[in-house]
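Encoded as structure tokens, the structure appears first; notes follow it.
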Amino acid sequence: MRILLVEDEKKVASFIKKGLEEEFYSVDAAYDGKEGLRLALTEEYDLIILDIMLPVKDGFTVLQELRNEKISIPVLFLTAKDTLSDKVQGLDSGADDYLPKPFAFEELLARVRALLRRGTSEKNLTLKALDLSLDTQSHTVTRDNAIVQLTPKEYSILEYLLRNKNRVISRTMLSEHVYDYHFDSDTNVIDVYINKLRNKVDKGFDTPIIHTVRGVGYIIKDK
């Protein structure tokens, strides 16, 4: 799952970004409302975490412009504005949830999980291909009922491939989804991670799950 974080306090943004990435989410960070809006309009995200008191464009304006463009991405306001009227205004303006600062990171994670579940049917909480299974809630991966230990980046790549099962995914698409928008897609980092994944999910099995489409990218097949 890919998240956009719009937060002007860079220390706070760094803390949240690091914590979410440790929980297997891919996170882009923007530090003002104008840049946050640009990313939200041009990139593909599953959730936006949005401050209200932002430079250039405030969070209310960003959200209003997103909704005017018929973009229905779930939005969580994370802000120091904590009065009842602030919360009512935030929710009435089109936000899906509202969490005042200071906050417990555990609560933020719970709200993120809840918002992401709203757009995911129960049957899609577990992604499967052949005897490989990935639980998107517990972040557990198994093959032939044996636990597969993955790093957060390996997990993100595998999840994205599984969500696009039987579809060829280019290296550029992978890099854009699992890294932030500053990532240099010309490097061979994606190939390195794919090799590591293969050693963990395919090695020792007669039928490989991850396949290379030469000159294009990768595909997970379950047939």
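Where a number appears in this text, it was derived from the coordinates with a stated rule and is not lab data. As the structure is a computational prediction, the values presented were derived from the model and not from experiment. Note that each Cβ is placed from the backbone with ideal geometry, even for glycine, and that neighbours are counted across all protein chains shown.
With a threshold of 22 Å on the Cα-Cα distance, the over-threshold entries among Lys17/Lys101; Lys10/Lys70; Lys70/Lys101; Lys18/Lys57 are Lys10/Lys70; Lys70/Lys101; Lys18/Lys57. Label positions at Leu91 and Leu41, each projected 7 Å from the Cα along the C-beta direction, are separated by 3.0 nm. In the range 2-118, the ratio of gyration radius to Kirkwood radius, Rg to Rh, stands at 0.91 when only Cα atoms are counted.
For the range 27-89, applying the loop criterion from DSSP together with a ceiling of 12 other beta carbons within 10 Å to the GluC sites (Glu not before Pro) yields Glu44, Glu69.
Normalised by 2.2 N^0.38 Å, where N is the number of residues, the alpha-carbon radius of gyration of the range 42-85 equals 1.19.
Global dimensions of the range 123-220 from alpha-carbon coordinates: Rg and Dmax equal 12.8, 38 Å. Computed from backbone phi, the HN-Hα couplings of the range 102-115 come to x, 9, 8, 4, 4, 5, 4, 4, 4, 5, 4, 4, 5, 5 Hz, rounded to whole numbers (Karplus: 6.51 cos²θ - 1.76 cosθ + 1.60, θ = phi - 60°; Gly and Pro given as x). What the Cα atoms of the chain give is an Rg and a Dmax of 18.6, 61 Å.
Would you work out the relative contact order for the range 2-118, in percent, from Cα pairs under 8 angstrom that are 6 or more residues apart? So the answer I get is 23 percent.
For Glu9 and Asn195, the difference between the fully extended length at 0.36 nm per residue and the C-alpha to C-alpha distance is 63.2 nm.
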